[in-house]
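Before any comments, here is the structure.
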Amino acid sequence: MRKKLILIDGHSILNRAFYGVPDLTNAEGIHTNALYGFLNIMFRFIDEEKPDYITVAFDLSAPTFRHKEYAAYKGTRKPMAPELKQQVPLIKELLRAMQITIVEKEGYEADDLLGTIAKKTAAKGLDVSVISGDRDLLQLAEEHIKIRIPKTKKGVTEVEDYLPADVETLYGVTPLEFIDMKALMGDTSDNIPGAPGVGPKTASALITQYHNIETIFEHLDELKPPKAKKSISENVEQVKLSKFLATIDIDVPVDYDLENAAVGGYYTPEAYELFKRFNFKSFLKRFNQEDTGITLEADRYFTCVTEFSEVEELFAQAQNKVRTDKNAVIGFAAAVEKGILYGISLAVSPEKTAYIPVSGFVTQEYLTDKLSELVQQCPSRQIAVMALKEKLDLFRNCPGDSKDTRLKVSQDKFIDTAIAAYLLNPTNQEYTYDTIAKDFCGLTLNSRAELLGKTTLAEAADTQQETLCRLLCMESYIAMAAWKPLYKALEEENMRSLFFDIEMPLVFVLYEMQAEGIRVDSAALKEYGTMLGEKIAVLEQEIYADAGETFNINSPKQLGVILFEKMGMPNGKKTKSGYSTAADILEKLAPEYPVVQKILDYRQMTKLKSTYADGLAGYIQEDGRIHGTFNQTITATGRISSTEPNLQNIPIRMELGKKIRQVFIPRDGYVFLDADYSQIELRILAHMSGDEKLIEAYNSAQDIHRTTASQVFHVPFDEVTPEQRRNAKAVNFGIVYGISSFGLSQDLSISKKQAAEYIEKYFEAYPGIKVYIDELVAFAKEHGYSLTMFNRRRPIPEIKSSNFMQRSFGERVAMNAPIQGTAADIIKLAMIEVYNRLKERGLKSRLILQVHDELLVEAHQDEVEEVKQLMTDAMKNAAKLAVVLEVDLKEGKNWLEAH
DNA sequence: TCCTTCACG
DNA sequence: ACGTACGTGAAGGAA
């Protein structure tokens, strides 16, 4: 085996990390995002390559030898952002603590040091990986020198690897010719001028033909195209200079002793202290080296079974496993896309994880039958899956019985590890096997994006069977392996019940809501769209007439110019990347300028048409219904979210918009029953704070906003003016959102001082609330997270920030998350209860939508009274609070009527 | 792809 | 002094 050296382009990676990772600061207020990102990238390569040697090269700030005479070029570079600059010495400190060699040399660029060391080391018979964000280094590629460029897309780091063949495939030139190509096309980011007008295409073609600029100069007469000929002929000196600038010096007199760069222990006590200081919790795990018993070795046991007998044997092993050991958990994963199954994977033990592709004898029907059998044979919670809801179609037995969308499979056999991971940290963006492996098993695995990129499963099943096997095996294996640490963590955080009694049962409720869908009158929807289209056309012409020209009204940029420059409207101040044309700004201008009102109307109508009328139409399926998706692992507070389409933001507030609700209709012989909680968040606040006055107000069933107004403004209940009530209502909302005088002043268009007075008076009226929200903030400050009534956590790292804005945000979140989150917990309990009661009684009515504090049931006409009773009861009693949970229920023949 | 705007709770 | 209300998702424009 050849030994391995990893060479890292320090500034390049630090720079990428700085711009790729959102701003982080530690308790001292030091920015740490570049450090964090750098380490993330470095660990990734260390984990993957397990190098024998490692070295990081940095530039020193002084002008470099190669560029000394041409400092003017380099001199035009933008100065480094101070937040980044302060992290440069820190990364060096960290690297030294981790016993990682740093090279830098006065007068030389990191490129030159990397080039020299790479070439010399490769010549000694080592494999070298050069890690950089910079394509300049491609010229260094050779048989044993691989250039590795990490790219962060959507938070996932992908790596582009370049050996000489890769450079040739991509650019059509050899690594050495790459220098000449660059000399022609230039590089603005590196201040290499090149020949103006010559781009990558032309440069590549010319170098392929002539191989270097010297030969090109000899053939200036015959160059094609003429544009390139002219440009190059006129800029011979500049191209020569460019080549000089682009060439990496591979013969720098650098004092580099390979043995010094041998990997020592990275995880020294000094490094531990620094990681703690910078608050890099996820990296700290590396120091404990707690043996999870989970290793990549399992990779060796990943197999792709094809023989029919092997498939039977695998299922037999799985059944045997769950029956003989009730504590054992098996992992399951499925490759499903657009309703088509390409294969499944089962992890039966650490030594046995297999993938079964759908092919030949092994049909989708056969596999789903075997799966249903496995589930039925399974005594208890032993099947671990990620994103279970997406796989439940596979567990729906009896294909002939299609009228009943209801699952027959028992619910308590499954564990969803993605949901468990979500509960433990709901702020992650995704809960895929690779992120779970990293967070809970200490394993770094290639993500799906890294293995497949944009390849669809259908394509992969055809051409990349092995990759697909590896992918699915990793998922089922991690589902199995991660359960132990996940379960332990859930226990430690007292989230067992939240997981087993709320989130897991909810998976099945949401699955059936999605399967059920909601009926839409497509003719009425179309008509609504046409009506909007006509109104939009009229408004559009009027706006153009008023403006004196045609322009794109939907472009904030163009609109800003028209309103604030051409028409000279005042207060166009609020800017960031131009003028703000948000509704609240325009509303202030509307009384004086009639165009503005038309623009507001235009906006409203185009929104309605594009998002709702046209948007929803595209989601109506053949059964005349929309089957949206409810997401259970998205929000930081525990709410569910709705996508494709979003059925939780259908218009209701405006007269024109709410009409869209008329197109949502129940199936024939059914009606809608819509029940919503009345001010559930304020009631939760009353309960959780224990404030006697607020509890009393609710228990005497008073109009809460009026009561608040009466208390805050010291007027008798019956003499509260509408304005006072409105203000009090805004204060109530503000309390739930995490009150700030600024926010309230914005909402009510009053001064900050006045808003502060309202808040003060509110706290005088309800002293228990003040105490409670102070406690919420103090708790979050101490622990770094907040909790709901049902122990749902929301991490709030911002609350310890030294940055005022971030810290204030953290404080508001600390006030809001327990309230919004508890409301989410309660309606989830209500949903499960409604679902169970409908099912137990064998009713035809179905729960079909949830909108945060509202449940919509499509109820059979013969069951209306029973279901009304059942819904109200389930919702009211979902949680026992010090105040009653009032529920408003209405019946209707469309969603507008029912709400 | 990021930003702005706006629909909902 | 800082410059915001909490939580979402979709569409269209700009780059």
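The values are calculated or read from the model by the stated rules, or taken from the named source; none is laboratory data. Worth saying up front: this structure is predicted, and the values here are computed from it rather than measured. So basically every Cβ, Gly included, is an ideal-geometry build from the backbone, and we count neighbours across all protein chains shown. To get the accessible areas, we keep the full protein, side chains included, count just its heavy atoms, and leave off ligands, DNA and RNA. Shrake-Rupley method; radii C 1.70, N 1.55, O 1.52, S 1.80 Å.
Are any residues in the stretch A:253-262 touching a helix residue (DSSP H, G or I) at 6+ places or on another chain (Cβ under 8 Å) and either buried (at least 18 other Cβ atoms within 10 Å of the Cβ) or assigned to a loop (DSSP other than H, G, I, E, B) (or both), and if so, which ones?
A:Val254, A:Tyr256 - these are the residues of the stretch A:253-262 that are touching a helix residue (DSSP H, G or I) at 6+ places or on another chain (Cβ under 8 Å) and either buried (at least 18 other Cβ atoms within 10 Å of the Cβ) or assigned to a loop (DSSP other than H, G, I, E, B) (or both).
Tell me which residues, restricted to the stretch A:506-523, are of a type in the set (D, E, K, R) and part of a loop (DSSP other than H, G, I, E, B).
Correct list: A:Asp521 only.
Pick from A:Met815, A:Met805, A:Met789: which is surrounded by fewer than 17 Cβ atoms within 10 Å (Cβ to Cβ) and not small (Gly, Ala, Ser)?
Unique residue meeting the criteria: A:Met805.
Considering only residues that are within 10 Å of DNA strand C (Cβ to nearest atom) and surrounded by fewer than 18 Cβ atoms within 10 Å (Cβ to Cβ), look in the stretch A:536-559 and name the one that is farthest from A:Asp747 (Cα to Cα).
Filtering first and then ranking leaves A:Phe551.
Just to be sure, is A:Leu95 crowded, with 16+ Cβ neighbours inside 10 Å and within 33 Å of the chain's Cα centre (by Cα)?
Yes, satisfied.
Looking at the structure I just gave you, is A:Ala686 touching a helix residue (DSSP H, G or I) at 6+ places or on another chain (Cβ under 9 Å) and more than 16 Å from DNA strand C (Cβ to nearest atom)?
The answer is yes for A:Ala686.
If you check every pair at least six apart or on different chains, which have Cβ atoms under 8 Å apart with a residue in the stretch A:341-365 that is in contact (Cβ under 8 Å) with a residue 60 or more places away in the chain first and a residue that is of a type in the set (Asp, Glu) and crowded, with 24+ Cβ neighbours inside 10 Å second?
Here the result reads A:Ser345/A:Glu475, each pair linking the stretch A:341-365 to a residue that is of a type in the set (Asp, Glu) and crowded, with 24+ Cβ neighbours inside 10 Å.
Which of the following residues is within 30 Å of A:Val385 (Cβ to Cβ) and away from DNA strand B (no atom under 16 Å from the Cβ): A:Ala545, A:Ala515, A:Ala537?
Sole residue among the options that is within 30 Å of A:Val385 (Cβ to Cβ) and away from DNA strand B (no atom under 16 Å from the Cβ): A:Ala515.
Regarding the stretch A:608-615, can at least one residue be identified that is of a type outside the set (Lys, Arg), near DNA strand B (Cβ under 9 Å from one of its atoms), over 30 Å from A:Tyr431 (Cα atoms) and open to solvent by 30 Å² or more (accessible area, probe 1.4 Å)?
no
Consider the stretch A:173-204. How many of its residues are crowded, with 16+ Cβ neighbours inside 10 Å and either among the hydrophobic types (A, V, I, L, M, F, W, C) or more than 18 Å from A:Phe217 (Cα to Cα) (or both)?
Qualifying residue count for the region: 17.
Does A:Glu565 meet the test of being in a helix (DSSP H, G or I), of a type outside the set (Val, Ile, Thr) and either open to solvent by 50 Å² or more (accessible area, probe 1.4 Å) or farther than 27 Å from A:Gly533 by Cβ (or both)?
For A:Glu565, the condition - in a helix (DSSP H, G or I), of a type outside the set (Val, Ile, Thr) and either open to solvent by 50 Å² or more (accessible area, probe 1.4 Å) or farther than 27 Å from A:Gly533 by Cβ (or both) - is met.
Can you name the residue in the stretch A:787-818 that is within 19 Å of A:Ile634 (Cβ to Cβ) and β-branched (Val, Ile, Thr) and is also nearest to DNA strand C (Cβ to nearest atom) among such residues?
Looking at the filtered set, the residue picked out is A:Val813.
Okay, residues lined up against (1) at pLDDT below 90; (2) open to solvent by less than 20 Å² (accessible area, probe 1.4 Å):
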site: A:Ile419; (1), (2): no, yes
site: A:Leu424; (1), (2): no, no
site: A:Glu430; (1), (2): no, no
site: A:Leu451; (1), (2): yes, no
site: A:Thr456; (1), (2): no, no
site: A:Cys473; (1), (2): no, yes
site: A:Ala479; (1), (2): no, yes
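In this structure, is A:Leu847 buried (at least 18 other Cβ atoms within 10 Å of the Cβ), within 13 Å of DNA strand B (Cβ to nearest atom), modelled with pLDDT of 95 or more and not in a helix (DSSP H, G or I)?
So A:Leu847 fails the test.
Please specify each residue of the stretch A:720-746 satisfying the condition of being away from DNA strand B (no atom under 16 Å from the Cβ) and surrounded by fewer than 17 Cβ atoms within 10 Å (Cβ to Cβ).
Once the filter is applied, which keeps residues that are away from DNA strand B (no atom under 16 Å from the Cβ) and surrounded by fewer than 17 Cβ atoms within 10 Å (Cβ to Cβ), the stretch A:720-746 yields A:Thr721, A:Pro722, A:Glu723, A:Arg726, A:Phe742.
Hey, A:Leu647 hits all of (1) open to solvent by 70 Å² or more (accessible area, probe 1.4 Å); (2) at pLDDT 95 or above but one; which does it fall short on?
(1)
Looking at (1) more than 17 Å from A:Gln604 (Cβ to Cβ); (2) more than 8 Å from DNA strand B (Cβ to nearest atom), can you tell me which one A:Ser577 breaks?
All conditions are met except number (2).
Can you find, within the stretch A:702-713, the residue that is surrounded by the most Cβ atoms within 10 Å (Cβ to Cβ) among those that are more than 16 Å from DNA strand C (Cβ to nearest atom) and in contact (Cβ under 8 Å) with a residue 24 or more places away in the chain?
Per the criteria, the residue is A:Gln711.
Would you be able to say whether some residue in the stretch A:150-167 is under 35 Å from the mean Cα position of the chain (by Cα), under 19 Å from A:Leu206 (Cβ atoms), at pLDDT 85 or above and not assigned by TED's automatic domain parsing to the domain that holds A:Asn446?
Yes, the stretch A:150-167 contains a residue that is under 35 Å from the mean Cα position of the chain (by Cα), under 19 Å from A:Leu206 (Cβ atoms), at pLDDT 85 or above and not assigned by TED's automatic domain parsing to the domain that holds A:Asn446.
Only one residue in A:Thr368, A:Thr353 is open to solvent by less than 50 Å² (accessible area, probe 1.4 Å) and either in a loop (DSSP other than H, G, I, E, B) or within 22 Å of A:His627 (Cβ to Cβ) (or both), so which one is that?
Result: A:Thr368 is the single residue among A:Thr368, A:Thr353 that is open to solvent by less than 50 Å² (accessible area, probe 1.4 Å) and either in a loop (DSSP other than H, G, I, E, B) or within 22 Å of A:His627 (Cβ to Cβ) (or both).
How do the pairs read when you match residues in the stretch A:254-270 that are within 17 Å of A:Ile46 (Cα to Cα) and assigned by TED's automatic domain parsing to the domain that holds A:Phe58 with residues anywhere that are part of a helix (DSSP H, G or I) and open to solvent by 40 Å² or more (accessible area, probe 1.4 Å), using Cβ under 7 Å and keeping only pairs 6 or more apart or on different chains?
A:Tyr267/A:Arg286
Any residue in the stretch A:16-31 that is open to solvent by 30 Å² or more (accessible area, probe 1.4 Å) sitting within a Cβ distance under 6 Å of a residue that is modelled with pLDDT under 80 and charged (D, E, K, R)? List the pairs, counting only those 6 or more apart or interchain.
As it stands, the answer is none, since no pair meets every condition given.
Output the number of the condition that A:Ser129 fails; it satisfies all remaining conditions of (1) open to solvent by 10 Å² or more (accessible area, probe 1.4 Å); (2) hydroxyl-bearing (Ser, Thr, Tyr); (3) not in a helix (DSSP H, G or I).
Looking at each condition in turn, A:Ser129 falls short on (1).
Going residue by residue through the stretch A:517-529, is there one that turns out to be surrounded by fewer than 17 Cβ atoms within 10 Å (Cβ to Cβ), at pLDDT 95 or above and among the basic types (Lys, Arg)?
Within the stretch A:517-529 (the criterion being surrounded by fewer than 17 Cβ atoms within 10 Å (Cβ to Cβ), at pLDDT 95 or above and among the basic types (Lys, Arg)), the answer is yes, since at least one residue qualifies.
Which ones in the stretch A:90-126 are assigned to a helix (DSSP H, G or I) and farther than 13 Å from A:Ile8 by Cβ?
Within the stretch A:90-126, A:Leu90, A:Glu93, A:Arg96, A:Ala97, A:Asp112, A:Gly115, A:Thr116, A:Lys119, A:Lys120, A:Thr121, A:Ala122, A:Ala123 qualify.
Quick one: which helices (runs of 4 or more DSSP H) sit completely within the stretch A:701-815 and have at least 3 residues that are under 33 Å from the mean Cα position of the chain (by Cα)?
A:722-737, A:741-748, A:767-783
What are the pairs with Cβ atoms under 8 angstrom where one residue, in the stretch A:75-89, is assigned to a loop (DSSP other than H, G, I, E, B) and the other, located anywhere, is at pLDDT below 75 and open to solvent by less than 70 Å² (accessible area, probe 1.4 Å)? Sequence gap at least six, or different chains.
Partner pairs satisfying both residue conditions: A:Thr76/A:Asn191; A:Arg77/A:Asn191.
Using beta carbons and a limit of 9 Å, which pairs, at least six apart or on different chains, have the first residue in the stretch A:649-674 and at positive phi and more than 11 Å from DNA strand B (Cβ to nearest atom) and the second one part of a helix (DSSP H, G or I) and open to solvent by 10 Å² or more (accessible area, probe 1.4 Å)?
Matching pairs, first to second residue: A:Gly669/A:Gln861; A:Gly669/A:Asp862.
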